[in-house]
Structure formats: C-alpha cells, structure tokens
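To keep things clear, I will list the structure first and then write my remarks on it.
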Amino acid sequence: MKILVIGSGGREHAMAWSLAQSKNVETVWVAPGNGGTAVEVKCKNTPASLGDPSVLAVTESGQDVLIGFVQREGIALTVVGPELPLAEGIVDRFRAKGLAIVGPCKEAARLEASKVFSKSFMRKYGVRAAGSENFTNLAEALSYAKKHFDGKQAPLVIKADGLAAGKGVVIAADLAEAECCLGSFMKDGSLGAAGSSVVLEEFLEGKEVSVLAAVSVQPGGKGVIRPFVSARDHKRRFDGGQGPNTGGMGSIAPVPDFTPAAQKDFETAILQPTLGGMEAEGMDYRGFIFFGLMVKDDRCSLLEYNVRLGDPETQAVLPLADFDFAGLCSSILDGTLAAFPLNWKPGAVCAPVAVADGYPGAYRKGDPITLDAAALAKTGARIFIAGALLDEGAAVPVLRSSGGRVLAASAWGADADQAWTKAYEALGALSFAGMAYRKDIGRE
C-alpha cells in the first residue's frame, strides 16, 4: 500500500522510515518532508506543485489539496505528525471523504490545543496532575500570582492556553518574572490569541518522563491505550540542563529510572482515568498520545498531553520497535489495537540532536552537511533529518541546513552506555558550519 505522512521534521522522518520497513508498504509520501525523507528508501516528498507546505495541512483549502492528492495517488492510509493540522480538523475532513487517517478528531485534539480544556478534563476524570487555576483577566491572574509568591519560594508555572510552538510555558522563579510573563502573554499579545487565556499551575519537583502511546477510542464503545517504552527529552540547550529551553536537544529510550513501580502508578493514576474520560466524552480518538510526566518517588503526575508522537522522543522510541509500524497504524483504525503484538527490542537508544549555530535564537541556514559514510556505518546509527533540505541544483545533490534543530543521530546499544558511545561516534562522522550539540544526552 501507499502511505502519506504529514509533517517536515525529525519525527516525521523517523515515522516515514519506520513505515517503510513494512513489507506491505510500497511507497511513503511525506508532505512536505525534508532532505532526509527525500532520499529515504521507499519514501518520496510531495511535489512542489502541490502548493505552499506551510498552509497545506492547516487550512481548509490546503487540506482539500491533500485530499485530492491522496485520492489521485491511491493512498491507503495517512498518518499525521504535528499538532497544528490535528487542531485544525484535518482528521475530520479526511474521514468525511471516507479516507483512512491516523489521528484524533478536532474535538479530541483540544487535549493539547487548549490547556484550559485539558486541565478541566484532568480534574473531571481524576487524572493526577498539578493543581491549577485558569484566567482570562490579567488583573485576576496578577492577583493570583501575588498571593502565590507571598511568603513562598516555589516557582509558578505559567501556561498559555493555546498552541504556541513550544513558547507557551514559563516557569517563573519570582513575582517580577511572573508579572513580566503575564503582561507579555495577556496584554502585549506576544503569542497572539494563544496567550489571551492562561493556566497558572503549581510547580512539581522530580524527573520528567515521556510515555508515547497508541490510542483507539470511538464514540459509544470501549477503547484501548497501549503505552510504548518510556523516553526522556532533554530540553535545555547546554550540558547539565543549563540555558534556554529548546524544541529538544536529544532523547533516550527506555528511561533507566522509570521503575516498574512508577510504570504501574502511571497506568493506574493517569492512563486508565484518561481512557475512561475519553470514553465518557464520546471522543473519536484513533491516533497517538504523549503523556508528559513528572515522577518523584515512583509517583507520577501528568504535566501535559500531546495528541501526537513526541519530537525528539520518536527518534529514540521507534528504532526499538519490534513490530510492523504500518500494521500498528491499521490496528488503531480497525479496532484491533488491543490484540496487536506490541513488542520491543532489548537494549537502549540514544539520539542526540545537532543544532545550528545560534539556536534557539537566530541561527545560520544554508550550510552544507558532510558525512563520512564509512565511519557512520560502523556505528549502525540512523540519521533522522529535522531541519535540512536537499539541494538538487548543485553539481552533486547536497543536504543544506534549514532549521535550528538540524538532525538527530539515533543509535542502538545493548545498554545505555553502548548506545551513548555509538550515537556520539555517529555525530563525529557528520559536520556542518557551526554544528553544536549537547554531550550529556542520557547522562544529565
């Protein structure tokens, strides 16, 4: 069969690669894709004639173009990578045309698209999470912040209600920082409509863990959520968890300190109440979900839902899959997810990310990426491209950097130490001007 993956990042490259491993898959189209998916075996990027990649999946007219492409090409299955197309109802429009697509409907996508909705859902269905209050009035939000910091040293977590491209969460250390953030979000409109409503949340201590999962829930029926192996993203730019937040400087899977007791607590206190809430709300949720957890003393609290696979966690998790990813996607849609053989390879994966000079601020673009193929082959690592395009106008086609996060080197090892060694040896086989990366992914 032919499959379409929607998205352009490292997550989508990993998804396309994994789907292409299936003997039942002929071609994986990626819309719009990147320089990595352009050369991946059995994969093709959608043609430029299709239209502007930035609007194709997030506007009704663009979604109609993609629907027409799927129908013309005889594509059997579409898998959505990023959150914005889901929030804009792409799943609803595809299904209205009778097309198979993996992802939650627009209503269910509010679990990520609206922090206010998601926190209300958590409270309603008893999902263990940080305490919080919602505000649409700046003066009331400022008053709450003042009361919070009156005699307290604990930080205050400020979350914009809507999607904000990773810029909508601030951990304010004191009242001055809280006032500055709230003024920026709610008065100055720095995040547009996404910041006009905010959630003020208690700060939780512990270690962060990501659990990705497959979901198959349909209105009026019993559903199922099947969790994947645990993963951990490293958000801060510099070694030791220092510097500004980023979209992710690398990931590992599984997480050594996520114990069987913590896993059981997660399933009892978070996964099962979430599933019960989805069923009670009558959601049409056939796709993937990301549970962002804070774990302390084997007790898990939910920080957030994402209604898709995580990036860069996907680049560490999917290489451990010992199953047909295309088959998993089909089982999500046809109601057989509970019986699907969701098996995982032993060992571990480390996937550090290489970024462009200046990231997460203004960064360089257009630099050629060189690769020592022999040295890379010795490591067995996979290179998943996030921000690079294939320059086919050159005498010899070359990859050029185009984003802040350029690529991830995803390496398997018999244990975490071996995976770490192979991943960093793989990064040593690559270079581009200003290339930078953290050296402690999995060892922070």
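Taking each residue of the stretch 45-61 that is closer than 14 Å to A87 by Cβ and looking for partners that are hydroxyl-bearing (S, T, Y) and crowded, with 18+ Cβ neighbours inside 10 Å with beta-carbon atoms closer than 7 Å, six or more apart or interchain, yields nothing.
Taking the criterion of being open to solvent by 50 Å² or more (accessible area, probe 1.4 Å) and part of a helix (DSSP H, G or I), the residues of the stretch 233-262 that qualify are P260, A261. Of all residues in the stretch 191-212, those that are farther than 16 Å from A178 by Cα and in a strand (DSSP E or B) have Cβ atoms under 7 Å from Cβ atoms of residues that are of a type in the set (D, E) and open to solvent by less than 80 Å² (accessible area, probe 1.4 Å), 6 or more apart or on another chain, in K207/D257; S210/D233; S210/E313; L212/E313.
Among the strands (runs of 3 or more DSSP E) confined wholly to the stretch 304-417, which include 2 or more residues that are in contact with a Pro (Cβ under 8 Å, 6 or more places away or on another chain) and open to solvent by less than 20 Å² (accessible area, probe 1.4 Å)? Explain how you work it out, then say what you get.
Numbers: elements: 348-355, 382-385, 388-391, 398-401, 405-413.
It comes to 348-355, 405-413.
The lone criterion from (1) surrounded by 21 or more Cβ atoms within 10 Å (Cβ to Cβ); (2) modelled with pLDDT of 95 or more left unmet by L56 is number (2).
For the stretch 163-180, the count of residues that are closer than 29 Å to V80 by Cα, open to solvent by less than 30 Å² (accessible area, probe 1.4 Å) and either at pLDDT below 95 or touching a helix residue (DSSP H, G or I) at 6+ places or on another chain (Cβ under 9 Å) (or both) is nonzero. I need a count of the residues in the stretch 418-435 that are crowded, with 19+ Cβ neighbours inside 10 Å and assigned to a helix (DSSP H, G or I). Looking only at that region, the number is 6.
The residue that is least open to solvent (accessible area, probe 1.4 Å), counting only those in the stretch 70-82 that are under 20 Å from S330 (Cα atoms) and in a helix (DSSP H, G or I), is V70.
Quickly run through the stretch 205-232 and pick out the residues that are out of contact with any strand residue (DSSP E or B) (no Cβ under 9 Å at 6 or more places or on another chain) and open to solvent by 40 Å² or more (accessible area, probe 1.4 Å). Can you show your working first?
Applying the first criterion (out of contact with any strand residue (DSSP E or B) (no Cβ under 9 Å at 6 or more places or on another chain)) to the stretch 205-232 yields 219-222.
Listed by number, the residues that qualify are P219, G220, K222.
Among the residues making up the stretch 254-284, those that are of a type in the set (G, A, S) and closer than 29 Å to C105 by Cα are A269, G276, G277, A280, G282.
Quick one: is I270 within 20 Å of K119 (Cα to Cα) and either aromatic (F, W, Y) or touching a helix residue (DSSP H, G or I) at 6+ places or on another chain (Cβ under 6 Å) (or both)? So I270 fails the test.
Okay, residues lined up against (1) crowded, with 17+ Cβ neighbours inside 10 Å; (2) assigned to a loop (DSSP other than H, G, I, E, B); (3) among the charged types (D, E, K, R):
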| residue | (1), (2), (3) |
| --- | --- |
| L86 | yes, no, no |
| R93 | yes, no, yes |
| L99 | yes, yes, no |
| K106 | yes, yes, yes |
| M122 | yes, no, no |
| V127 | yes, yes, no |
| N134 | yes, no, no |
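Taken over the stretch 1-53, the criterion of being in a loop (DSSP other than H, G, I, E, B), at pLDDT below 95 and open to solvent by less than 40 Å² (accessible area, probe 1.4 Å) is satisfied by G51 alone.
The values are calculated or read from the model by the stated rules, or taken from the named source; none is laboratory data. For clarity, every value in this text was computed on a predicted model and none was experimentally measured. Cβ coordinates were reconstructed from backbone atoms using ideal geometry, including for glycine residues, and neighbour counts include every protein chain displayed. With ligands, DNA and RNA removed, areas are computed over all heavy atoms of the protein, side chains included. Shrake-Rupley method; radii C 1.70, N 1.55, O 1.52, S 1.80 Å.
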